[in-house]
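The structure appears right after this line, and notes come after that.
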Amino acid sequence: MSGFKDHFSSASDRYAAYRPDYPAALFAWLASLCPRPGTSAECGIAWDCATGSGQAALGLAPYFRQVVATDASAEQIRHAQPHPAIDYRVAPAEASGLAKHSIDLITVAQAAHWFDLPRFYAEATHVLKPGGVLALWGYGRMVLPGKMDTPFRHFYAETVGPYWPPERALVDDGYRSLDFPFTEIEAPGFLIEVEWNLPRLAAYLSTWSAVKRFQDARGHDPLPALMAELTPLWGDVNTAKTLQWPLFLRVGRHQA
């Protein structure tokens with residue numbers, strides 16, 4: 001997984017607009033792992049690595065004095081939502097430019113499978129304070145309600161399945177096979193939950209790297225055919241339905 005594989009800059013505006021937000025309870029739990037002695041509930045500095053358009057950084061901001069949010073893609077950073085507590089920077093995961101032992105918490109949301117992990121872990125060990133925390137997380141395919149899940153599962157695995165980068169297998173595995181050389185912390189269960197109508201779901205699916213790669217390879221968009229299958233099963237396409245993704249996490253502490 002060496003080198004920066006940019007699957008998202010060309011869709012960075014859609015990524016910023018349509019990717020789901022992570023649950024607030026996740027950030028509260030992560031912050032609870034790293035309060036600084038002798039301070040209030042506010043923690044020190046978090047590094048949100050591979051921030052994309054800043055979804056996780058924004059979730060961290062209420063709990064930390066500063067959040068440094070980096071991404072190797074300048075285009076992603078350009079579309080990130082500003083916040084007074086967030087310092088957005090263009091930098092690869094493996095060479096953050098952060099000072100040694102300066103970081104209380106490192107978060108990597110839906111991105112660790114793209115990294116050169118040995119180099120990233122070396123960087124994480126360099127910048128984390130003794131006892132600091134690294135949290136990797138992600139989410140796989142949502143499960144659609146009722147009979148809609150059958151065509152959706154086929155779309156994910158068969159229609160665009162051949163166009164997922166090989167690293168996607170690590171997401172489908174829930175990061176269980178990743179080497180993780182930190183003292184592991186058991187994480188509670190967390191869910192992303194949204195209320196979306198069918199056009200909003202289609203907008204999210206347009207951000208999938210496999211959809212973009214399908215379009216480039218085949219010369220047409222695979223989404224209209226899927227929407228044609230889902231529409232009669234959805235009912236009124238403007239009616240919102242509750243959709244969920246379970247999160248998977250690998251969380252550990254740096255023991256210097």
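The values are calculated or read from the model by the stated rules, or taken from the named source; none is laboratory data. The model shown is predicted, which means the values in this text are computed figures rather than measured ones. FYI the Cβ positions are ideal-geometry reconstructions off the backbone, even for glycines, and counts take in every protein chain you see.
Overview of values
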{"read-out": "Of all residues in segment 177-197 being in contact (Cβ under 8 Å) with a residue 24 or more places away in the chain, in contact with a helix residue (DSSP H, G or I) (Cβ under 9 Å, 6 or more places away or on another chain) and not aliphatic (A, V, I, L, M), the one that is farthest from residue 119 (Cα to Cα)", "value": "197"}
{"read-out": "Among the candidates 131, 38, 44, residue that is surrounded by 17 or more Cβ atoms within 10 Å (Cβ to Cβ) and modelled with pLDDT under 95", "value": "44"}
{"read-out": "Conditions (1) among the β-branched types (Val, Ile, Thr); (2) under 19 Å from the mean Cα position of the chain (by Cα); (3) at pLDDT 95 or above: number failed by residue 207", "value": "(3)"}
{"read-out": "Those residues of segment 225-238 which are touching a Leu at 6+ places or on another chain (Cβ under 6 Å) and surrounded by fewer than 18 Cβ atoms within 10 Å (Cβ to Cβ), in sequence order", "value": "237"}
{"read-out": "Breaking point among (1) among the acidic types (Asp, Glu); (2) free of Cβ contacts under 8 Å to residues at least 60 places away in the same chain; (3) under 21 Å from residue 247 (Cβ atoms), for residue 216", "value": "(3)"}
{"read-out": "Segment 73-100, subset surrounded by fewer than 22 Cβ atoms within 10 Å (Cβ to Cβ) and among the small types (Gly, Ala, Ser), residue farthest from residue 118 (Cα to Cα)", "value": "85"}
{"read-out": "Matching helices (runs of 4 or more DSSP H) fully within segment 185-248 where at least 1 residues are closer than 17 Å to residue 149 by Cβ", "value": "198-205, 223-234"}
{"read-out": "Qualifying position, being at positive phi, out of contact with any strand residue (DSSP E or B) (no Cβ under 6 Å at 6 or more places or on another chain) and exposed (fewer than 13 other Cβ atoms within 10 Å of the Cβ), among 146, 189", "value": "146"}
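Matching residues to (1) among the basic types (Lys, Arg); (2) surrounded by 16 or more Cβ atoms within 10 Å (Cβ to Cβ); (3) more than 30 Å from residue 34 (Cα to Cα); (4) at pLDDT 95 or above:
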position	(1), (2), (3), (4)
159	no, yes, yes, yes
170	no, yes, no, no
181	no, no, no, yes
201	no, yes, yes, yes
213	yes, yes, yes, yes
216	no, no, yes, yes
223	no, yes, yes, yes
240	no, no, yes, yes
250	yes, yes, no, yes
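A quick yes/no check of all residues on (1) acidic (Asp, Glu); (2) modelled with pLDDT under 95; (3) closer than 18 Å to residue 138 by Cβ:
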| residue | (1), (2), (3) |
| --- | --- |
| 52 | no, yes, yes |
| 60 | no, no, yes |
| 68 | no, no, no |
| 78 | no, yes, no |
| 86 | no, no, no |
| 104 | yes, no, no |
| 109 | no, no, yes |
| 118 | no, no, no |
